[in-house]
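Data first, discussion second: the structure below is written as structure tokens.
We did not get these values from a lab; they are worked out from the coordinates using the rules stated. Because the structure is predicted, anything quoted here is derived from the model rather than measured. Cβ placement follows ideal geometry from the backbone for every residue including glycine, while neighbour counts extend to all protein chains displayed.
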Amino acid sequence: MKTSKAKTVSKPKKTSDAGITLKKKKVTTGKNVPGEEEIREKAREIYYERIARGEHGTPESDWREAEELLRGS
């Protein structure tokens with residue numbers, strides 16, 4: 001008489017996120033917050049345009065204008 005042996009099937013080991021690429025969610029606050037480098041580049045652009053027009057101004061006013069433009073205020 002033949003006896004049947006139950007085959008044991010090993011389950012794959014559970015590892016955290018093994019082989020799975022997770023996408024990170026981008027958190028948005030609804031407000032555009034430009035970085036310092038982005039503001040600096042825009043202020044430089046404003047400066048050169050102002051000088052080309054022969055207008056007076058200050059680096060601080062160029063910076064404030066750049067921030068306002070980039071933030072959409």
Notebook entry, point to check: So which residues in the range 35-54 are among the acidic types (Asp, Glu) and farther than 18 Å from Gly72 by Cβ?
Noted result: Glu37, Glu49
Check: Are there any pairs, at least 6 apart or on different chains, whose C-beta atoms fall under 6 Å, with the first in the range 50-73 and free of Cβ contacts under 8 Å to residues at least 24 places away in the same chain and the second surrounded by 10 or more Cβ atoms within 10 Å (Cβ to Cβ) and not in a helix (DSSP H, G or I), and if so, which?
Finding: Arg50/Gly57
